[in-house]
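Chemist: Before I ask anything, let me first share the structure, which is written out below as structure tokens.
Bear in mind these aren't lab numbers, they're just calculated from the coordinates by the rules spelled out. What you are looking at is a predicted structure, and each value in this text was computed from that prediction instead of being measured. So basically every Cβ, Gly included, is an ideal-geometry build from the backbone, and we count neighbours across all protein chains shown.
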Amino acid sequence: MSRVNTVLGAIPAEELGIVAIHEHVGYGMPGSELDTRWWKTPEERYAETVPKLRQFHEYGGGTFVDVTGICNGRDVDYYKSLSAKTGVHIVACTGFVGGDTALAFFARASVDYLAQHFTHEITVGIGDTGSKAGVIKVGVSRGGRMTDLDKRIYRAAARAALRTGVPILTHLAIDAENAIAIFAEEGLPLDRVLFGHVDDGVNADKTRDVWIAEQGGRIGFDTFGYETELPDPPFWARPRKERLDHFLRFIGGEGRLRQVLASADANCSPLGWPGVKGHTVNYIFEDLIPDLRDAGLDEDTIRTVFVDNPADFLTIRR
Ligand SMILES: [Zn+2]
């Protein structure tokens, strides 16, 4: 049977429902928890997060995939309580957002160590939480090119993905030639990899989304809602229509609908930074799905993007 690891245990992929494939309960740079200005009490974190997840559930959202890597504020016991209270399935990740967010202990580790660590978090559990990771996060460090550490993490992730059957999500899809070469060397089929953030305002022009799809990779339009129209847009914002047109153009290509996933990359309660006002995971229901309907997409197509493709991607492949 098809299974997916959530923080409250493995469930059949058919039960995931509508999936937000790239989100954050709370993301912060390593060390932000040490700056007393930015401490949030548990009460504050719950108060910011629970209403967003309840709203997500009310809109018909089924599963929230948290891709906050090790060292960036990942907090699995907290996710378990959020999931139990709101009814939203939460999938947690192992891995790192990028080499540049891995603390020194991990940054100096070998590929073997990292692969074993990821495998342990997927098959045994994350710390003593009893929860198993359902995806592996990797990414490209700031600077536009994969660093040596990024490459070690990608290689370790490929090995853990092959051993466990859990898929990989990437932060950024720039410098994809290097990533794809590593996955090929390790023998990992590219439909086990979601190349994320092809749509962000900084990197969209530099990202070879069509080429990656032609190689067999899955494509993440997963920064929906970071718009230049926001009152205080972040540097990776993009005009709303430009991103939507990019997405529609992409899925217009032969066979590409099956390769695409979409999400909002929002923070329920950001850690160590103010976050982006006016942007939540619920952009998917309040703006994106209505925009897709207005653009003429039918309900089957919308279901493919938000239900069928994520279920196929997240299913542990034996
Ligand atoms: Zn993210």
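Chemist: Figure the gain on full extension for S81 and A181 (residue separation times 0.36 nm, minus the Cα-Cα span) and round it to one decimal in nm.
Modeler: Stretched fully, the S81-A181 segment lengthens by 32.0 nm.
Chemist: Which shape class applies to segment 1-143: rounded if a/c is under 1.5, otherwise prolate when a/b exceeds b/c and oblate if not, where a ≥ b ≥ c are the square roots of the Cα gyration tensor eigenvalues?
Modeler: Oblate, because a/c is 1.5 or more while a/b does not exceed b/c.
Chemist: Can you tell me how much longer the chain between D308 and E214 gets when fully stretched, taken as 0.36 nm per residue apart minus their C-alpha distance, in nm with one decimal?
Modeler: Additional length available on full extension: 31.8 nm.
Chemist: Express in whole angstrom the spacing between the alpha-carbon centres of segment 88-133 and segment 251-318.
Modeler: Here the answer is 25 Å between Cα centres.
Chemist: At what distance in nm do the modelled label points of E286 and L103 sit from each other, each positioned 7 Å from its Cα along Cα→Cβ?
Modeler: 3.5 nm
Chemist: Could I ask something else about it? Which residue, W39, W236, Y226, has the largest displacement toward the positive end of the dipole of the chain when charges sit on each Cβ (Lys, Arg +1; Asp, Glu -1)?
Modeler: Checked the options; the winner is W39.
Chemist: Let me ask you something else. Of all beta bridges DSSP finds with both residues in the chain, what is the antiparallel percent, to the nearest 5?
Modeler: That works out to approximately 15 percent antiparallel.
Chemist: In nanometres, what is the gap between the two model label sites at Q116 and D298, each 7 Å from Cα along Cα-to-Cβ?
Modeler: 5.3 nm
Chemist: Another question, then. What's the extension gain from K241 to M1 if we count 0.36 nm per residue and subtract their Cα-Cα distance? It would help to have the intermediate numbers written out before the result.
Modeler: Numbers: separation 240, 0.36 × 240 = 86.40 nm, distance 4.03 nm.
Between K241 and M1, full extension yields an extra 82.4 nm.
Chemist: Which of the three applies to segment 18-314, rounded, prolate or oblate, going by the alpha-carbon gyration tensor with a ≥ b ≥ c and a/c under 1.5 meaning rounded?
Modeler: Rounded is the answer for segment 18-314, as its axis ratio a/c remains below 1.5.
Chemist: Now, a different point. How much FRET efficiency would the formula 1/(1 + (r/R0)^6) give for R145 and T123, where r is the Cβ-Cβ distance and R0 is 25 Å, rounded to 0.05?
Modeler: With a Förster radius of 25 Å, E is 0.20.
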